[in-house]
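Asker: One structure coming up, written as structure tokens, with questions to follow.
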Amino acid sequence: MNKFRVALAVAALTFTTATASMAQTAAPLKIGYTSVEYVLSQMPESKQIESQLKDYSTQLKNQLDAKATEFRTKGEAYQKGAATMTDVVRTDKERELQNMQQSIQEFQQNAENSLQQKQQALLKPALDKLQKNIDAVAQENGYTYILNSDGASPVLLHGPKEGDVSDLILKKMGITPGAAQAAPKVTAPTATSTVAPAAPSKTKTKSKK
């Protein structure tokens, strides 16, 4: 099954945390950085988010499996009895199978979209909390900007260890920094088995009168 990393919605976080008062002063520019993924994985909310996403994904997958099983059963029945069906019945069965196959494809696409919306909704409170504490750490420690070091093409290309404020943010939230953990992941729902047989083509066979 395809897996994809949870969308952290980092775009919703503004890491240029300079306040108006900071911008107006002649204080030296101080830049810090953090890994949003690391900090999020340390937050107690992370495990709950991952659990809820897993439960929701399982519900969607069970529905998808049920649809796939029904389609497969009807497809096998069609293949066994097609030779004895009249043209009218055969055409009706073929149309039914084609509609079922299309319905399964649409359900899977909608399920993936629904899952992404679910994870964004679950992550929002944690991300809002993170942003609030990033702002507080920046102000208390004199950082003009705090950048996010995550991503395939991270904003931060180089920086000294003392510029990493991740642990300061965790401590600000009352969390003891620990080893890096996996951020919440979500599994895109897919049918347990391949949806088969494919919807039959309308091939003429001799019918019994």
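Asker: Using the heavy atoms of the protein chains and a 1.4 angstrom probe, tell me the accessible area per residue for region 30-115 in square angstrom.
Answerer: I get 55 Å² per residue for region 30-115.
Asker: Still on this model: With a sphere of radius 12 Å drawn around the Cβ of Ser35, what net charge do the other residues whose Cβ falls strictly inside it have (Lys, Arg +1; Asp, Glu -1)?
Answerer: The answer is -4.
Asker: Rounded to whole Hz and in sequence order, give me ³J(HN,Hα) for region 118-130 from the Karplus expression 6.51 cos²θ - 1.76 cosθ + 1.60, θ = phi - 60°, writing x for Gly and Pro.
Answerer: With coefficients 6.51, -1.76 and 1.60, one gets 5, 5, 5, 5, 5, 7, 4, x, 5, 5, 5, 5, 4 Hz.
Asker: Run the accessible area of region 95-170 with a 1.4 Å probe and give the carbon-and-sulfur part as a rounded percent.
Answerer: The C+S portion of the solvent-accessible surface of region 95-170 is 46 percent.
Asker: Something else now. Each residue of region 45-56 in order: what ³J(HN,Hα) in whole Hz does its phi give by Karplus 6.51 cos²θ - 1.76 cosθ + 1.60, θ = phi - 60°, with x for Gly and Pro?
Answerer: Working through the residues one at a time gives 5, 4, 5, 5, 4, 4, 5, 5, 5, 5, 4, 5 Hz.
Asker: Still on this model: Search the structure for amide H atoms under 5 Å from the amide H of Tyr33, placed 1.01 Å from N in the peptide plane, and list their residues when 5 or more places away or on another chain.
Answerer: Leu147, Asp164, Val165
Asker: A follow-up question, please. With a 1.4 Å probe and all protein chains kept in place, how do Lys54, Lys80, Lys67 rank by accessible area, largest first?
Answerer: Of Lys54, Lys80, Lys67, the descending order of accessible area is Lys80, Lys54, Lys67.
The values are calculated or read from the model by the stated rules, or taken from the named source; none is laboratory data. These figures come from a predicted structure and were not determined experimentally. Every residue, glycine among them, receives a Cβ derived from its backbone with ideal geometry; neighbour counts consider all protein chains shown. Surface accessibility is based on the protein's heavy atoms, side chains included, excluding ligands, DNA and RNA. Shrake-Rupley method; radii C 1.70, N 1.55, O 1.52, S 1.80 Å.
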